[in-house]
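Quick one: this structure, given as structure tokens, is what I'll be asking you about.
Every number in this text was worked out from the coordinates using simple rules, so none of it is lab data. These numbers come from a predicted model, not from an experiment. Please note: Cβ atoms are built from the backbone with ideal geometry, for glycine as well, and neighbour counts cover all protein chains shown.
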Ligand SMILES: [Fe+2]
């Protein structure tokens, strides 16, 4: 989709080849899971001259995904909104419900509740950029460690119905990114036909 929103994938190292993401539209920016070598995120924000960093979006509260939050706030101001699921234990100022939308530029970013890896896991859909930020829920051809029935439900009822054109941007650099349409064909954790099959697949995780 051709839009005014740009997405930057930041291979920021950290605990286990973590990714942060920065999305920019006009003078506004947001960052997903600021972590690892935060200077890499600073460099992107400097380069795009984002005048207002509006949101820090947390996919879940695991330590390796939030290590840069305080540094971002220190540099860009404590009034930046930190958003996450109500069950996220990392301090945040916006509690997001399932399907809640945050205004971003001329459009919005939507939160989709996706428990399984953790109780507080969410994914973020930035439709204008065809972007789906999946944290540790969905990796390319893999998924995060999880509670099996909860994760199976998330895969089947939350992620599978989404548009094929979305690009899956996950929380770790195992494979950088791919379209959700391709993942529906190749990712055995995403397309498992039953909970029994999903459980069997998890044995090779
Ligand atoms: Fe995690």
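In what sequence do 60, 117 fall when counting other Cβ within 10 Å, fewest first?
Final ranking by Cβ density, sparse to dense: 117, 60.
Take the Cα radius of gyration of region 129-205 and divide it by 2.2 N^0.38 Å, with N its residue count; two decimals is plenty.
0.99
Hey, another quick one. Once you have the Cα-Cα distance between residue 188 and residue 93, take 0.36 nm times their residue separation minus that, and quote the gain in nm to one decimal.
Here the segment from residue 188 to residue 93 would lengthen by 30.6 nm.
Also, quick follow-up: For the peptides 166-178, 18-30, what is the packing order when you average, over each peptide's residues, the other Cβ atoms within 10 Å and list the highest mean first?
Packing order, densest peptide first, comes out as 18-30, 166-178.
Just to be sure I follow: if Rg is taken over the C-alpha atoms of region 5-202 and Rh is the Kirkwood radius over the same atoms, what is Rg/Rh? Before the final figure, lay out the partial values.
Numbers: Rg = 15.7 Å, Rh = 16.6 Å.
Computed over Cα atoms, the ratio is 0.95.
Taking 8 Å as the Cα distance limit and 6 or more residues as the minimum spacing, I'd like the relative contact order of the chain as a percentage.
16 percent
For each of 8, 15, 104, count neighbouring Cβ atoms within 10 Å of the residue's Cβ, then give the residues from fewest to most.
In increasing order of surrounding Cβ atoms, one gets 15, 8, 104.
Here's another thing I want to ask about it. How do 46, 33, 136 rank when sorted from fewest to most other Cβ atoms within 10 Å of their own Cβ?
The most exposed by this proxy come first: 46, 136, 33.
Another question, then. So, in nm, how far is label residue 205 from label residue 178 when the simple model puts each one 7 Å beyond its Cα toward the Cβ?
According to this spin-label approximation, the distance is 1.8 nm.
Also, quick follow-up: Over the alpha-carbon set of region 4-55, work out the extent along each principal axis and list the three values in angstrom, largest first.
Dimensions of region 4-55 along the principal axes of its Cα atoms: 32, 16, 15 Å.
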